[in-house]
1. Taking 35 Å as R0, compute the FRET efficiency from the Cβ-Cβ separation of Lys73 and His124 and round it to 0.05.
2. Skipping prolines and chain starts, which residues have an amide H placed within reach, meaning under 5 Å, of the one on Lys78, given they are 5 or more residues away or on another chain?
3. Residue separation times 0.36 nm, minus the C-alpha to C-alpha distance between Met135 and Asp102: what's the value?
4. Spelling out what I want: for every residue of region 28-39, take phi, set θ = phi - 60°, compute 6.51 cos²θ - 1.76 cosθ + 1.60 (Karplus), and round to whole Hz; glycine and proline get x.
5. How would you rank Met36, Met135, going from fewest to most other Cβ atoms within 10 Å of each one's own Cβ?
6. Given H placed 1.01 Å from N in the peptide plane, which residues other than close sequence neighbours of Val6 have an amide H under 5 Å from its amide H?
7. So if we plug the beta-carbon distance of Arg26 and Ser54 into 1/(1 + (r/R0)^6) with R0 = 41 Å, what FRET efficiency do we get, rounded to 0.05?
8. What are the ³J(HN,Hα) couplings of region 7-24, residue after residue, when phi is run through the Karplus curve with 6.51, -1.76, 1.60 and θ = phi - 60°? Round to Hz, x for glycine and proline.
Amino acid sequence: MKKLLVATDGSEHAKRALKKAIDLARKDEESVITLMYVVDGETSKSDVLQYGDSDTASYKREKKLQESVNLVKAEGIKANLIIEHGDPEEMLIDHANSNDYDLVLVGSRGRNKFQTMVLGSVSHKLVKHIDAPVMVVK
């Protein structure tokens with residue numbers, strides 16, 4: 001595997017998807033794991049309320065996700081972090097289909113409404129609309 005995309009939100013299911021991606025990436029020293037987190041409107045609002053302003057919310061979000069990036073890099077694997085705002089399904093599908101990934105990994109459930117529904121409508125939509133193979137990790 002060379003180019004892996006991991007949909008993440010910091011949940012335990014997303015962390016398991018990341019661990020699976022790391023296991024796969026270890027087999028090819030040229031592998032790159034891209035972690036993508038999409039902030040939906042509801043999550044964005046609650047983060048701003050929790051942290052007081054959008055800059056602080058963005059900083060806290062990135063700091064939290066940077067832990068996952070550091071985990072990948074600690075294994076000697078190249079890593080990228082992408083944080084977008086919008087509809088998680090649409091953003092993931094658009095990004096995955098525009099960047100020629102070898103595999104897209106997603107946790108079966110997570111923290112926000114995107115991940116909560118995953119094994120139902122969201123994962124089905126990702127599997128159906130992403131051109132690359134999609135692995136749903138339990």
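1. Taking R0 as 35 Å, the efficiency between Lys73 and His124 is 0.60.
2. It is Ile33, by chain and number.
3. Answer, rounded to one decimal: 10.8 nm.
4. Going residue by residue, I get 9, 5, 9, 5, 10, 9, 9, 9, 10, 10, 10, 8 Hz, with x marking Gly and Pro.
5. In order of increasing Cβ crowding within 10 Å: Met135, Met36.
6. Thr34, Leu35, Met36, Leu105
7. Plugging the Cβ-Cβ distance into 1/(1 + (r/R0)^6) gives 0.65.
8. Couplings: 6, 9, 9, x, 6, 4, 5, 5, 5, 5, 4, 5, 4, 5, 4, 4, 4, 5 Hz.
A short reminder: the numbers here are calculations on the coordinates, not readings from a lab. Predicted, not measured: the structure shown is a model, and the values here were computed from it. Quick reminder, even Gly has a Cβ in these numbers, built from the backbone with ideal geometry, and neighbours come from all protein chains shown.
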